[in-house]
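Only the coordinates and a few stated rules stand behind these numbers; no lab work does. Just so we're clear, the structure is a prediction, and the values are computed from it rather than from any experiment. Cβ coordinates were reconstructed from backbone atoms using ideal geometry, including for glycine residues, and neighbour counts include every protein chain displayed.
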Amino acid sequence: MSGLRAQTIGAAVESTYRTALLLGMLVTIIAGTSVAGVTVVAREDARNTEIALMLHAELIEPERDVEDAWVEERGEMAHSARTLELWRDGESVPRGEGKSELAAWQGVERCGFDEVGGVTQRLCSVVAHHMTVIVGAPLAPLVEEMVQIGGAIALAALASIGLAFVLGRRALGRKLAPLSRFTARLAQLPSRTTAELVHAELAPSSGVTEIDELALAFRGLIERVAAMLEREQRFTADAAHELRSPLTRVRAQLELYQRENAGEGNAPALSAAIRTVDELSRMVEMLLALARDEAAAGDAVDLGDVVNAVVARLGADAARVTVEVSDSAQPLVRGDATLLELALGNLIDNALKYSGGRVTISILLGDPLELVVADEGPGLSYADAQQVRLPFVRGGTRPSSVRGAGIGLALVDHVARLHSGALTLANRDPSGLRASLRLPAWRPRART
């Protein structure tokens, strides 16, 4: 497929239309020239026949001698440059002028081409009263007339085709406009999440049958995909929600058992079990977040508040975190504070797990805003960078001591896209990873 050149429908239709116009022009010129040729020849035949009949009528007058009358008529028509020949009783008139080149015409009434004196002529003969009157005209003037008529037809056809092409292109643009609008509606669909909006965007209203049928087909496809995604999201949300309560009870029971049996030497095992339950609880929260397909369209969220809230929950690990956020700045975005805190918490948790040094959190003002988490760890290989955004995929170069489920960066990427933003990952020099959550700056909504 890489060797094929893509072609738009408009270009294909225009090419076909142009080819059809050129063929139409050629057919018009050929047909018009042929009709003009036939018309010119028929008109010349009519003239020759008319002259032959007139001469015949003059020759059969009783008081006139045929031979004298013929000489007289030929003299009167000497200026016409036409060939005149008379045959009577099988002999040419007047006698003694030499052998005629049109002996085959005597006694035959017809029109056709023949050579007289080395010049091709159009001849017609009239037969009556034992006489054959032959009248002809040179072919060259007829050809010249046909060429002139053909040239006029060609110019008229060329002008007509040019005008038709210009008007046709404009009409084609108007006819393809519904397809362009339909394409634009499809391009907006990724931001639409409810069936009501999908129906509104893809309602068949273009007025073009094929495009309306395509819109119906797309709408049906989107409805089926939306229903499938809704079932999967509902299942994930229900499963994660059902896991919350038992995990909470298990943790409480482990803590109670740890307090009641503090002196029996099983504290390390119980602490490990509690950490495992915490990891499961955290995974459940992330699964719930991944199951959401839209962020709450609330008021402005201050990223500084998000950073402070996440750092406050770090406990002892907060000593390794440096926050570079100006108190005077107001880095506001529109979105869901809970999701943003969860995303930042995952970035910080990854940085702390993979880096033995300090972790720096900073906010870069602008549009978009950047919430940056930088560490001093090993960074990511090229292969890992292509895969770590996928759920349940972990970097291949991670230390064996680092635990995790491989959904942290997938969650951060998901939250970024829900906020119309993006997650970027880049290695630092000489070592470390810079994770940047780029989010559109907050703007007041326009009043409607």
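Which whole-angstrom value gives the distance between the alpha carbon centres of segment 325-385 and segment 74-129?
Taking the Cα centre of segment 74-129 as reference, the centre of segment 325-385 is 109 Å away.
Please give the length that would be gained between residue 308 and residue 233 if that part of the chain were fully extended, namely 0.36 nm times their separation in residues minus their C-alpha to C-alpha distance (nm, one decimal).
My answer for the length gained is 23.9 nm.
Figure the gain on full extension for residue 271 and residue 9 (residue separation times 0.36 nm, minus the Cα-Cα span) and round it to one decimal in nm.
87.7 nm
Per-residue counts of other Cβ atoms within 10 Å, averaged by peptide: what ranking do you get for 415-427, 12-24, highest first?
In descending order of packing, they fall as 415-427, 12-24.
Please report 50, 145 as a ranked list, fewest other C-beta atoms within 10 angstrom at the top and most at the bottom.
Sorted ascending by nearby Cβ count, the order is 50, 145.
Once every Cα of segment 9-148 carries one equal point scatterer and solvent is ignored, give the base-10 log of I(q)/I(0) from the Debye formula at q = 0.17, 0.19, 0.20 Å⁻¹, two decimals.
With one equal scatterer per Cα and no solvent, log10 I(q)/I(0) is -0.92, -1.08, -1.17.
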